[in-house]
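Everything on this sheet refers to the single structure shown next.
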Amino acid sequence: MNQGSLTKDIILFVIFAGLVIAAPVLLTPLGAGYPDLLQKFAIFGIFAIGFNILFGLTGYLSFGHAAFLGVGSYASVWMFKLLSMNVIPAVIFSVIVAGIFALLIGFITLRRSGIYFSILTLAFAQMSYNLAYSVLTPITNGETGLQVRQLAPSDRAADYVLNLRDEDLRILDQAFGVVEQGIPITNLFGIKMSGYPGFYFCAVLLIIAFGLSILIARSNFGMMLKAIKSNQNRLNYTGVNTRPYLITAFVISGMYAGLAGSLLAVTDPLAGAERMQWTASGEVVLMTILGGAGTLIGPVLGATLIKYFENIFSAINDNVLQGFYSFLPDSLNEIAVAVSGMFVGKGWHLTLGLLFMVIVVFLPGGLMQGFQLIANRFKRKKKTDSTQHSKQAAE
Amino acid sequence: MENIVLHVNDVHKSFAGLHALSDIDLAVREGETHAIIGPNGAGKSTLLNVCIGRLKPDSGSVVFDGVTLTGKKPYEINQLGVARVFQTPEVFPDLTALDNVMVPALAKRDGSFKMSVIKRLSREKGLRAQAEHMLEDLGMADQMQQIASEMSRGNKRRLELAMSLIQKPRLLLLDEPTAGMARHDTNATIDLLKKIKEGGMTKVIIEHDMHVVFSLADRISVLAGGRIIAQGTPDEIKNNPKVKEAYLGEEQV
Ligand SMILES: Nc1ncnc2c1ncn2[C@@H]1O[C@H](COP(=O)(O)OP(=O)(O)OP(=O)(O)O)[C@@H](O)[C@H]1O
Ligand SMILES: [Mg+2]
């Protein structure tokens, strides 16, 4: 990653913001122009940007980032239950809680580097996952998951004989006299966070998250992180205490994950432990590497692509395939459906795995490296063209 | 009379039975260039490793300017004003030459940790000018934007020298700073090191090239088999029979 100029960064940021805001229009031809999916792009984009601040800049590969995603979701749902269905307290609280949790885990796991660090983070995330199912059930509601419920009758609330898993308080909403009918949905000062308003709330946060990541990458702090990735040993002999830098990067990326987890709860106020499972941690690694670790846009690109293909491929079932291959004779049709069936529907992870292998083998720098190669080829061609032109002109 | 900057007191270090350093006593005076010479495997690099906290001595201590370095972390030792150039060039391979020099410059100015997330590195105009100047001094003006991993070994070495010098250390430890350099570059480096000496920086230099040693050193310590076998001015060392023996012994092997 080179030190881009300020103007270039501003242009990049403006283009990014423009694309995100116009995404509902731009992605409609691809069949992705609806808020639920767009929201997912934005949320996992934030998750991957944060992950990349740790992995892309310092080279420390965390295999447990889904834990922070899960913590963010739980924290938000608790805010919905206790304070208000307004998303602002939920988002703030989630980011703080995830940050504290990351500080704790980072403090311990960052005593090691390389594969040992990865394994430690994985162990911590799996531990959190298991705890959420067992001893932490009072907080997580175990397998059922934590949900927003109806308000407790006011006399019971006053007597403190609540069962907070099944009855909510929403102190702030009550204080402001918000009337609830049935189970309420999340809102931003009255604007319901479903459909496009929901997407644009996530989109604004994505744009801010992206802008912050540019600032970090270009700052003195970011340069130290890159130096850690490049040669941590040398950095120690250069007078830099690398540990606080790493812990800070870890906490920042944990807070990004907490924000993403919070937004998942904003779109669907329910938190379950499966969000913390190692497959979820692995997914953000794939997103970042697929797009291009250490690049600014790569992680968002990777997140969008994976969520898009997950959506398309996993929706294809045998019936769709049979229709697709209907031009083939029956026997061939069956074989074609059986073979293709392995790659779609539930088998979409196989496609993802293959795609990932191809990228890592041929483009270790991810898709961004691919674009760079293409761009360079064009530039070279242009140059030779223009020299030819000038020659002709000279003649 | 003179001020002793670095004091190595009775240091021992062994690796699984191999005595890499035994009974090492060394005093480096303020402003001097102290050369350490000796055959391969004599323990020269190990001695520097003990000084900068890469290795812990089995016994004995290293004192810099009244502060005991033994037991301190490498970054603390650097912050006290001790910089090192390694035998195999240690740079930041993924960064440009300029950024390679900016990192130690930041560490010198900001200390071992500073949260500076908002200010852009490119706006550090003052530090940047210093770093560019340093690279120009070392004849690397046209390589500032080159990625370090793409540099020749000799250039990496010069880059590492720039990384150390930008910190204006009180004590500079150089482990074979001219190895792998062409004659021309070696002479340029000698000139540069002489220039630094006028500025009063104390240096310990390990070197096999006797031309370099005799052009720079005020005093020389000869290390063989983990022990200091001779110490003195260049003239004294030249005529010391023990030194001749150590080097001849090596040649016979
Ligand atoms: N980390 C280590 N572990 C085990 N043995 C080591 C270690 N470092 C050095 N040694 C051994 O200690 C002895 C001294 O090594 P050292 O690198 O200090 O020699 P040197 O004088 O710098 O030699 P050269 O001129 O080849 O650089 C050698 O026998 C070496 O193999
Ligand atoms: Mg050596």
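No lab work stands behind these numbers, since they all come straight from the coordinates. All figures in this text were calculated on a predicted structure; none of them were measured in a lab. Reconstructed Cβ throughout: ideal geometry from the backbone, glycine too, with neighbour counts over all protein chains shown.
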Measure out, as a whole number of angstrom, how far apart the alpha-carbon centroids of the stretch A:244-263 and the stretch B:52-106 sit. 31 Å
Quick one: what are the phi-derived ³J(HN,Hα) couplings along the stretch B:141-148, Karplus 6.51/-1.76/1.60 with θ = phi - 60°, whole Hz, x for glycine and proline? 4, 8, 10, 4, 9, 7, 6, 4
Along the stretch A:326-342, Karplus-curve 3J(HN,Hα) (6.51, -1.76, 1.60; θ = phi - 60°) to the nearest Hz, with x for Gly and Pro, reads 4, 6, 7, x, 3, 5, 5, 4, 4, 4, 4, 5, 4, 5, 5, x, 5
Set the Förster radius R0 to 56 Å, insert the Cβ-Cβ distance between A:ILE312 and B:GLN87 as r into 1/(1 + (r/R0)^6), and round the FRET efficiency to 0.05. 0.50
Anisotropy class of the stretch B:138-253 from Cα gyration tensor, a/c 1.5 cut: prolate
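Residues with beta-carbon under 10 Å from that of A:ASN220, excluding A:ASN220: net charge, scoring Lys, Arg +1 and Asp, Glu -1?
With Lys, Arg at +1 and Asp, Glu at -1, the net is +4.
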Rounded to whole Å, give me the distance from the Cα center of the stretch A:303-347 to that of the stretch A:217-238. 47 Å
Of every Cα-Cα pair in the stretch B:1-54, the percent that sits beyond 16 Å: 46 percent
Averaged across orientations, what area in nm² does the convex hull of the alpha carbons in the stretch A:99-191 project? 8.9 nm²
Estimated FRET transfer efficiency when R0 is 45 angstrom, pair A:ALA123-B:LYS238 (beta carbons, to 0.05): 0.15
Kirkwood-Stokes translational diffusion coefficient of the stretch A:58-213, alpha-carbon pairs, 20 °C, 1.002 mPa s, µm²/s: 122 µm²/s
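Can you give the alpha-carbon Rg of chain A over 2.2 N^0.38 Å, where N counts its residues?
1.12
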Between A:PHE13 and B:ARG153, what is the label-to-label distance in nm when each label sits 7 Å out along the Cα-to-Cβ direction? 4.6 nm
Stokes-Einstein D for chain B (25 °C, 0.890 mPa s, Kirkwood Rh from Cα pairs), in µm²/s, comes to 129 µm²/s
Would you please give the residues with an amide H less than 5 Å from that of B:THR70, counting only those at least 5 places away or on a separate chain, with H modeled from the backbone geometry? B:VAL62
Compute the normalised compactness of the stretch A:233-288: alpha-carbon radius of gyration over 2.2 N^0.38 Å, N being the residue count. 1.57
Please report the relative contact order for the stretch B:108-184, taking Cα pairs under 8 Å with a sequence separation of at least 6, and give it as a percent rounded to a whole number. 29 percent
Range of Cα positions in the stretch B:1-132 per principal axis (Å), largest first: 50, 36, 26
Inter-label distance, nm, simple model (7 Å from Cα along the C-beta direction), B:ILE4/B:ASP58: 2.3 nm
Per-residue HN-Hα couplings for the stretch B:177-186 [Karplus 6.51, -1.76, 1.60; θ = phi - 60°; Hz; x = Gly/Pro]: x, 10, 4, x, 9, 6, 3, 4, 5, 4
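Mind checking the dipole of the stretch B:93-168: about its Cα centre, +1 per Lys or Arg Cβ, -1 per Asp or Glu Cβ, Debye to the nearest 20?
Here the size comes out at about 340 debye.
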Tally the DSSP beta bridges in the protein assembly as shown and give the antiparallel ones as a percent, rounded to 5. 60 percent
Could you list which residues have their amide H under 5 Å from that of B:HIS19, counting only those 5 or more apart in sequence or on another chain, with H placed in the peptide plane? none
Value of Rg/Rh across the stretch A:127-272 [Cα atoms, Kirkwood radius]: 1.12
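Note down the magnitude of the dipole of chain A about its Cα centre, charges +1 on Lys and Arg C-beta and -1 on Asp and Glu C-beta and zero elsewhere, to the nearest 20 debye.
Charge dipole of chain A: 1900 debye, to the nearest 20.
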Sorted by chain and number, the residues with a modelled amide H under 5 Å from that of A:SER219, at a separation of 5 or more or across chains, are B:LEU121
Stretch gain in nm, segment A:LYS346-A:ALA22, where the contour uses 0.36 nm per residue and the Cα spacing is subtracted: 113.5 nm
log10 I(q)/I(0), Debye, Cα-only the stretch B:93-168, no solvent, q = 0.13, 0.18, 0.21, 0.23 Å⁻¹? -0.36, -0.67, -0.89, -1.04
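Test of understanding: express the Cα radius of gyration of the stretch A:1-85 as a ratio to 2.2 N^0.38 Å, with N the residue count.
Details: Rg = 16.8 Å, N = 85, 2.2 N^0.38 = 11.9 Å.
Ratio of Cα Rg to 2.2 N^0.38 Å: 1.41.
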A:GLU180 and A:ILE139 label points (each 7 Å along its Cα→Cβ direction) are spaced in nm at 2.2 nm
Beyond 28 Å between alpha-carbons counts as too far, so tell me which of A:LYS81/B:LYS119; B:LYS156/B:LYS242; B:LYS72/B:LYS244; A:LYS40/A:LYS379; A:LYS226/B:LYS195; A:LYS8/B:LYS125 fall in that bin. A:LYS81/B:LYS119; B:LYS156/B:LYS242; B:LYS72/B:LYS244; A:LYS40/A:LYS379; A:LYS226/B:LYS195
